[in-house]
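Attaching a single structure in structure tokens format; questions to follow.
The values are calculated or read from the model by the stated rules, or taken from the named source; none is laboratory data. The structure displayed is predicted, hence computed values, not measured ones. So basically every Cβ, Gly included, is an ideal-geometry build from the backbone, and we count neighbours across all protein chains shown.
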Amino acid sequence: MTAVLAAVCIAILVIMALALTRAMKAPTVYDRILGVNMFGTKTVLFIAVVGYLMGRPEFLDIAIVYALINFIGMVAVLRYFEYTAPID
Amino acid sequence: MAVLIDLVLLSMLAITALRVIFLKDLFAVVMLFGIYSLLSALIFVNLDAVDVAFTEAAVGAGISTVLMLSTLALTGRTEKENKRSSVLPLLVVIATGAALIYGTLDMPPFGAADNPIHQHVAPRYIEESPKEVGLPNLVTSVLASYRGFDTFGETVVVFSAMVGVLSLLGAARRRENSDDAAVIVAGFKGHKVLRVVAKLIIPLIILFALYVQFHGDFGPGGGFQAGVIAAAAFILYALVFSLSHAMQVVSPKFLQLLASLGVLLYASVGIYSMLKGGHFLDYNKLAADPLVGQHFGILIIELGVGIAVFAVMLSIFYAFAHQVERSTIK
Amino acid sequence: MSYVLDYYNYWVVVFLMMAGFYTVISANNLVKKIVGLNIFQTSVFMLYITMGKVSDGTAPILAEGVTQYSNPLPHVLILTAIVVGVATTAVGLSLIVRIKRAYGTVEENEFENKDDAI
Amino acid sequence: MLVLDIVSSILLMTGIFFGFSGAVGLFRFPDFFTRVHAASITDSIAVILIIAGLLLQTSFDLNTAKLMFILMFLMITSPTASHALAKSARHGGLLTLGESKQQQKQQKEQMQQQEAGQ
């Protein structure tokens, strides 16, 4: 079972790397926000899986905080982007 | 396995930091900085620093990003071209970097159990703290009980940061005529779905903040993290509905009162333990049995820290958001 | 190979420190300087936490059947440092807002000689 | 016990497959609105499957409650975030691939008319 969890961990790391490159190399700002959002949700899953892999499942509190902060950061970016919204 | 995760995360972090240097669009810089602090919080989780990851995620990726975004809304989004040549800074950076890397060569290897850092002070606290303080979370017991006076100083530092920001930006006053036409930028009026969902999850976030506040003794959490998460809930409310709505719910005057109440609560625990014959912030005297006294003491000061940090973070956000709204209206 | 594994953490910390340092020096915009400062700061936190890690230890929360814990003391130090770091960032950002209101710009090369004009 | 392990590893693997397809879709799709579509849908399905896989690993205790809370929270917030992003992009004037092609065609026709006009 731990082998499966380890494989899942590595796979999520690869997905996070892809989302990160999307966030870094984005044509428009909205693509960048999309990359950041996808990276955030994948981080939540990563912590949950690592918590179970290491046998310390009280990491789940941190996963909840990640989900929270990811959503609030997303709303803040959209809100303040509409203030200064020249489309580049 | 943990080493592999550590290596991959560190290299992702390095690439993000590199990318931040060469970006001109400040919006992208702040978003990548959000990812940077989220990634560093992940590395803290991997290095077994659970409380630190909690704080870094909530504070670093949450509050700092929101404050920087509101500053960008005031100061403009793109950085102008830098005419000065970048050779000199590069040389300075390379020189100091080489000296530092040379310095790390004779540091003890990473993760070895017999490193000098683990021999001197740590064993005493790992063995003694269950007997003297009785909390499973060693970090909270050291933070709140052994080093209570420093945490008191830290709470006062956070309070003085609020005083600094309010004196610089002017305290946000709740405009009585807040429903007049001047309030043009009234939140996401168009986003109906966002407003309904925000109404649904803000109580959940506050409930989670209370859980974190009182769960600090047994797992990751504590006063600082709880205060920041509660402030993040109200920041979400202010972002989705307009600032004046949020100010009607929690007025700035009430926040300043709450901040000073939190710091006062912390200090009164210290004074009370002095009245009972102990030193300042000596919780053993708070109850008949010292262990119960420790529990009371830590619970109350964590509550004081939580209230103070919540009020400080929210009033700092109010000051910034008030500036943003004032600048867009005129 | 194991030599690199022992010191990889410290080298990445030094690299991040230098990245933040370079951003602070060469950035023209004040907000970007603050971001560089935060990058520098987070790398210092990582240095302390990597020193406190024990390879087969777990998080310093007492649980039965666990003998080896990572060192909790750097965690307490860094917890305080993060909160104070945010407090200073907030004050720094409010100073930038005031600079923008006073000089109309936050680009360093533009308002350097504005004072002698007043 | 073996059945539980097999079922949860199947769930985890399919969750990873969907997550991976979302990440690849993020690069392969031509314009922004299809990318939002790819990312947000595979995000939700990957969250459901992976957390369901983890739920089978836990005996019924506090961790199950936390996992259910994460699942419910993500099910509420991640589609909303993608919706808000797409709406804000649309409101900000971003064109879909079809519309941008049409716009280029119109501009070409106007230029031809101006040349024909001179």
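Quick check on residue B:95: is it more than 7 Å from every other protein chain (Cβ to nearest Cβ), more than 19 Å from residue B:298 (Cβ to Cβ), touching a residue at least 24 places away in the same chain (Cβ under 8 Å) and small (Gly, Ala, Ser)?
Answer is no for this residue.
Moving on. Here is a list: A:55, A:73, A:51. Which entry is in a helix (DSSP H, G or I), more than 7 Å from every other protein chain (Cβ to nearest Cβ) and not polar (S, T, N, Q)?
A:51
Related question: For the range B:234-288, give me the residue count where each residue is within 27 Å of residue B:160 (Cβ to Cβ) and of a type in the set (Gly, Ala, Ser).
Total meeting the criteria: 10.
Looking at the range B:70-121 only, could you name the residues that are surrounded by fewer than 11 Cβ atoms within 10 Å (Cβ to Cβ) and of a type in the set (Asp, Glu)?
Of everything in the range B:70-121, those that are surrounded by fewer than 11 Cβ atoms within 10 Å (Cβ to Cβ) and of a type in the set (Asp, Glu) turn out to be B:81, B:106, B:114.
Hey, another quick one. Hey, does the range B:283-304 have a residue that's closer than 30 Å to residue B:324 by Cβ and outside any helix (DSSP H, G or I)?
Within the range B:283-304 (the criterion being closer than 30 Å to residue B:324 by Cβ and outside any helix (DSSP H, G or I)), the answer is no, since none of the residues qualifies.
Of all residues in the range A:13-48, which are within 7 Å of chain D (Cβ to nearest Cβ) and aliphatic (A, V, I, L, M)?
Result: A:15, A:18, A:19, A:33, A:34, A:38, A:44, A:45, A:48.
Mind listing just one residue for me: the one in the range D:52-64 that is part of a helix (DSSP H, G or I) and more than 7 Å from chain A (Cβ to nearest Cβ) and, of those, surrounded by the most Cβ atoms within 10 Å (Cβ to Cβ)?
Here the residue is D:53.
Looking only at the range B:47-87, count every residue that is assigned to a helix (DSSP H, G or I), more than 7 Å from chain C (Cβ to nearest Cβ) and either touching a strand residue (DSSP E or B) at 6+ places or on another chain (Cβ under 9 Å) or closer than 27 Å to residue C:88 by Cβ (or both) and tell me the total.
11
For the range D:65-75: of the residues being under 18 Å from the mean Cα position of the chain (by Cα) and more than 9 Å from chain A (Cβ to nearest Cβ), which is nearest to residue A:52 (Cα to Cα)?
Per the stated criteria, the residue is D:71.
Next up: List pairs: first in the range D:82-97 and more than 18 Å from residue A:80 (Cβ to Cβ), second assigned to a helix (DSSP H, G or I) and of a type in the set (S, T, N, Q), Cβ under 6 Å, 6+ apart or cross-chain?
D:82/D:40
Any chance you could count how many residues in the range D:13-31 are buried (at least 22 other Cβ atoms within 10 Å of the Cβ) and either charged (D, E, K, R) or within 11 Å of the chain's Cα centre (by Cα) (or both)?
Here the count works out to 4.
Quick one: count up the residues across the range C:78-102 that are within 7 Å of another protein chain (Cβ to nearest Cβ), farther than 10 Å from residue B:74 by Cβ and either touching a residue at least 60 places away in the same chain (Cβ under 8 Å) or among the small types (Gly, Ala, Ser) (or both).
3
Suppose we filter A:43, A:2, A:28 for residues that are under 24 Å from residue B:228 (Cβ atoms) and of a type in the set (Val, Ile, Thr); which single one remains?
It is A:43.
Which residues, counting only those in the range B:76-104, are modelled with pLDDT under 85 and over 30 Å from residue C:101 (Cβ atoms)?
Within the range B:76-104, just B:85 meets the criteria.
Name every residue in the range C:25-43 that is of a type in the set (Val, Ile, Thr) and in contact (Cβ under 8 Å) with a residue 40 or more places away in the chain, in order of residue number.
C:31, C:34
Just give me the residues in the range B:125-142 being touching a residue at least 40 places away in the same chain (Cβ under 8 Å) and part of a helix (DSSP H, G or I), in sequence order.
Once the filter is applied, which keeps residues that are touching a residue at least 40 places away in the same chain (Cβ under 8 Å) and part of a helix (DSSP H, G or I), the range B:125-142 yields B:132, B:139, B:140, B:141.
Under 6 Å between Cβ atoms, which residue pairs at least 6 apart in sequence (or on different chains) link something in the range C:53-69 that is crowded, with 16+ Cβ neighbours inside 10 Å with a partner that is among the small types (Gly, Ala, Ser) and modelled with pLDDT under 80?
The qualifying pairs are C:53/B:111; C:54/B:113; C:69/C:57.
On to the next question. Considering only the range D:7-27, I want to know if a residue exists there that is in contact (Cβ under 8 Å) with a residue 12 or more places away in the chain and in contact with a Phe, Trp or Tyr (Cβ under 7 Å, 6 or more places away or on another chain).
No.
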